[in-house]
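Working notes, structure below.
The values are calculated or read from the model by the stated rules, or taken from the named source; none is laboratory data. Since the structure is predicted, the reported quantities are computational estimates derived from the model, not experimental observations. Here the Cβ positions follow ideal geometry from the backbone for every residue, glycine too, while neighbour counts run over all protein chains shown. Areas reflect the complete protein model, heavy atoms only, side chains present, ligands, DNA and RNA absent. Shrake-Rupley method; radii C 1.70, N 1.55, O 1.52, S 1.80 Å.
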Amino acid sequence: MKILIVEDDREAADYLDKAFAEAGHTAHVARDGETGFALADAGDYDVMVVDRMLPRRDGLSLIAGLRSRGNTTPVLILSALGEVDDRVTGLRAGGDDYLTKPYAFSELLARVEVLNRRASSKEAETVYRAGDLELDRLSHTVKRAGREITLQPREFRLLEYLMRHAGQVVTRTMLLENVWDYHFDPQTNVIDVHVSRLRGKIEKGFDSPILHTVRGAGYMLKAA
Amino acid sequence: MALRLPAIMRTTAARLSALYFILFALCAILLVHYMTSLSASILTAQTMETINEEVQGLDRAYRRGGLPFLVRVVGQRSRQPGANLYLIADVNGRILTGNVESLEPGVLETEGWTEQPFTYQRYGEGIVERRAPNVSDLEAPSATTETRHAAIALVSRLPNQMIVLVGRDLGEPERFRVVVQRALIFALSIMAVGGLLIWYFIGRRALKRIDSISDAGKRIMGGDLSGRLPVTGAGDEFDRLSENLNTMLTRIAGLNEGLRQVSDNIAHDLKTPLTRLRNRAEAALAGNPEAEGYREALEATIAESDRLIKTFNAILMISRLEAGYSAEQLVKVDLAAATRDVVELYEPAAEELGVKLEASVDGSFMVDGNRELIGQALSNVVDNAIKYSAGADEPTVRVSVERTDGGISLKVADNGPGIPDQTDRDRATERFVRLEQSRSQPGSGLGLSLAKAVMKFHGGRLELLPGEPGLTVAMTFPEAKSG
């Protein structure tokens, strides 16, 4: 994956550059808004990571500028501003995801991989499949190895999200945001319990595990 | 070089007084000028009318008795006291009879009305009889010094080329003009004096008020934020200004206090974990240099920093909510649905701990709110309730939404140990307060404070009520405004 990082803090940018390289991606770094805009406009990036406060041209204006030129590269906004309306402004300016500083790199990596535009978009598909697990979005049914599994509505949405990003790491906050539409941090790790319940339903009585825990990051749905 | 006027001259009141004085004076001068010229022309017309009548009378006398009779009549009339002038002269301008001794040269050469008033000297060494019936208070012109007077006249010629002049002294309109001029000067002087007095008193009063306000302002700028501007109680514009500025100062002082509290709290509650963080890193460095030990120390460090970040976020959020953080617009939110969402989120976690999470939230209860904030507040409260009831027999947490007198009440009741003491219950929602019995539980001590701040932000309130047993947290929202 080709990633453009627009971040003015040298240390943070270098760290991201190195960390993305270790994860097997290519990253380019721009240290101000104007350079970032020029690189994004000319280059063919899969995902951009843009800091909100940048010298010469701020992050939101950079994104809005790209969008007005028809550039649809997915953008993840990094910001120290984390209130609900800050997030809303960021997404309204054309950002696709919003992450508040300080963040864990595993969180950033998971989100960037989910945003990757080259990853096949499953938005239009009506049936998701992973190995012998099958989820029908229209009839709201889930089958594994031909056997129907009954899920609660929320469990269905949880599995739907996990299957849409099958093979990718999905973090707890991503689940909380996308399945429950909450952006705060619950004090107890309530998401883990939901996931283990779901896991019980889709794995119990079947041969192989399919919903994996990724240590220090989150979960991944993947057929063996 | 800038000319510095004394302070009182630089006040608005002074400028306004000066402006009004000039305006009124101009109006008065214009009006008086118009009136004088109007009266002067009326007087002149009257004078000319009188002269015409005289001329007609003399004309009749001439026709009746010829020149001798005319001379007699003129002689008679000349002796009568009055402002009229009579004169008969021969072709060469030699005066034959009349009451005029000498004339401005050239007057007798004119035919008809004299174009300009001319000066003359009366017969009898310049002793002039003047009548001034309406202006008796005026000083009568001294006869000895003033021998020449202005007049207008009608000059006509008899068939034998003798010249007849009938005129009238212009003393009367002249005196009228003088009267008006004096009246005008008198009125203007009174206006000037009055204006100056008003200017002085109003200007001085305004200056005194402004000075007291700006002195108070300087004290406040000097750092005494508790100072307020003086309000005299007169209810005038200065009082209103001071009151508004005072309200503003109170608000600023409140925000300032909030800021100070936040920095105190940050200093207090973040320094401790930061110190812990540092100690741990130091201990790891000093200890046995083994990969496993380092790994443990690093993981503990990350966990500690994550807790720090959470605490930091909570402090920031509470302060922004308490500062009336209004950028987040309130919208219509179904409190029942928001509650069901949180209950649903926590239900599996509660079950895991053996706590029964019961919800009786039917229907919908609309409030003006923010779903995210309500969710966060409620999840903090529910989280606490689950944590503290976990040790009880048949631990149960009941969540309910109902309409009460004061609004819509969202209650979370647990059957844990509760907080028996009223003072403790009051203190529990303060920032960083962790009651003795809860020290063993994990948490930042900010959960309830945050929930309370969220309720305050929604115009509602959060109360801790004793349960039987346990604790009930009641969050009361005001009813949604219709529309």
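If you put +1 on each Lys and Arg Cβ and -1 on each Asp and Glu Cβ, how big is the dipole of region B:237-322 around its Cα centre, in Debye rounded to 20?
40 debye
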Using a 10 Å cut-off on Cβ to Cβ distances, tally the other chain neighbours for every residue of B:343-351 and report the average as a whole number.
-> 6
Solvent-accessible surface (1.4 angstrom probe) belonging to residue B:310, in square angstrom, nearest 10 = 90 Å²
Under the definition of partner shielding as Cβ atoms of other protein chains within 10 Å of a residue Cβ, what is the mean value for peptide B:84-91?
-> 0
Ignoring any ligand, DNA or RNA, what whole percent of the accessible area of region B:21-63 comes from carbon and sulfur when the probe is 1.4 angstrom?
-> 70 percent
Mind checking the angle between helix A:59-68 and chain A's longest principal axis? C-alpha axes, 0 to 90 degrees, to the nearest 10.
-> 80 degrees
By the scheme Lys and Arg +1, Asp and Glu -1, what is the net charge of all other residues having a beta-carbon under 12 Å from that of residue B:73?
-> +4
Inter-site label distance for residue A:223 and residue B:49 at 7 Å from Cα along Cβ, in nm | 12.7 nm
Averaged per residue, the 1.4 Å probe accessible area of region B:331-477, protein heavy atoms only, in Å², is roughly 42 Å²
With all protein chains present and a 1.4 Å probe, how do B:221, B:475, A:53 order by accessible area, largest first?
-> B:221, A:53, B:475
Over all alpha-carbon pairs in chain B, figure out the percentage whose distance exceeds 29 Å.
-> 73 percent
Against the longest principal axis of chain B, how steep is helix B:371-389, in degrees 0 to 90 to the nearest 10, with axes from Cα atoms?
-> 30 degrees
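Could you size up the charge dipole of chain A around its Cα centre, putting +1 on the beta carbon of Lys and Arg and -1 on that of Asp and Glu, and report it in debye to the nearest 20?
740 debye
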Region A:1-138 pair-distance distribution - Cα-Cα, 5 Å bins, rounded % = 2, 10, 20, 23, 19, 12, 7, 5, 3, 1, 0
Give the calculated FRET efficiency between residue A:38 and residue B:402 to the nearest 0.05, with a Förster radius of 56 Å applied to their Cβ-Cβ distance.
-> 0.40
Taking all protein chains together and a probe of 1.4 Å, list A:173, B:396 from the most accessible to the least accessible.
-> A:173, B:396
Mean separation of Cα contacts under 8 Å (at least 6 apart) over the residue count of chain B, i.e. the relative contact order in percent, is 10 percent
Karplus 3J(HN,Hα) series, Hz, for region B:161-171 with 6.51 cos²θ - 1.76 cosθ + 1.60 (x for Gly, Pro) = 6, 7, 9, 10, 10, 10, x, 9, 5, 9, x
Could you point to the residue in B:373, B:474, B:388 farthest towards the positive end of region B:331-477's charge dipole, with +1 and -1 charges on the Cβ of Lys/Arg and Asp/Glu respectively?
-> B:373
If you place +1 on the Cβ of every Lys and Arg, -1 on the Cβ of every Asp and Glu, and leave all else neutral, what size is the dipole of the protein assembly as shown about its Cα centre, to the nearest 20 Debye?
-> 2340 debye
Percentage of interatomic Cα-Cα distances in the protein assembly as shown larger than 45 Å | 54 percent
Could you work out, residue by residue across B:365-376, how many beta carbons of other chains sit within 10 Å of that residue's beta carbon, and then give the average as an integer?
-> 2
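When the solvent-accessible surface of protein heavy atoms is calculated with a 1.4 angstrom probe, in what order do B:210, B:185, B:220 fall, highest first?
Correct descending sequence by accessible area is B:185, B:210, B:220.
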Equivalent ellipsoid semi-axes, region B:331-477, via Cα gyration tensor eigenvalues times 5, rooted, Å = 22, 18, 14
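Tell me the total accessible area that A and B bury against each other, 1.4 angstrom probe, in square angstrom rounded to 100.
2400 Å²
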Per the 1.4 Å probe, what fraction of the accessible area of region B:237-322, in percent, lies on carbon and sulfur atoms?
-> 61 percent
Acute angle (nearest 10 degrees) that the helix B:335-352 long axis makes with the longest principal axis of chain B, alpha-carbon atoms | 20 degrees
Would you grab the residues whose amide H sits under 5 Å from the one on residue A:29? Only those 5+ places off in sequence or on another chain, please, with H modelled 1.01 Å from N.
-> A:5
What ³J(HN,Hα) values, in whole Hz, does the Karplus curve 6.51 cos²θ - 1.76 cosθ + 1.60 give for region B:57-63 when θ = phi - 60°, with x put for Gly and Pro?
-> x, 5, 4, 4, 4, 5, 5
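Among rounded, prolate and oblate, which fits region B:295-392 when a ≥ b ≥ c are the square roots of the eigenvalues of its C-alpha gyration tensor, a/c under 1.5 means rounded, and a/b larger than b/c means prolate?
It comes out oblate by the Cα gyration axes.
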Hz values of 3J(HN,Hα) by residue in region B:293-301 - Karplus curve (6.51, -1.76, 1.60), Gly and Pro given as x = x, 4, 4, 4, 4, 5, 5, 5, 4
Relative to the present Cα-Cα distance, how much length would full extension add between residue B:20 and residue B:94 at 0.36 nm per residue of separation?
-> 20.7 nm
Calculated FRET efficiency for the pair residue A:215/residue B:246, C-beta based, R₀ 45 Å, to 0.05 = 0.15
Using Cα pairs closer than 8 Å and at least 6 residues apart in sequence, work out the relative contact order for chain A, in percent.
-> 13 percent
Identify which of A:200, A:146, A:90 has the largest mean-square fluctuation in a Gaussian network model of chain A, with springs joining Cα atoms closer than 10 Å.
-> A:146
Could you rank the peptides A:27-39, B:275-287 by their average count of other C-beta atoms within 10 Å per residue, with the highest value first?
-> A:27-39, B:275-287
Would you work out which of A:20, B:457, B:32 lies farthest towards the positive end of the dipole of the protein assembly as shown? Charges go on Cβ: Lys and Arg +1, Asp and Glu -1.
-> B:32
Charge-dipole axis of the protein assembly as shown as Lys and Arg at +1 and Asp and Glu at -1 on Cβ define it, positive-most pick from A:180, B:200, B:359 = B:200
On the accessible surface of region A:48-147, probed at 1.4 Å with all protein chains in place, carbon and sulfur together account for a percent value of 51 percent
For region A:147-201, report the convex hull volume of the alpha-carbon atoms normalised per residue, in Å³, without decimals.
-> 84 Å³
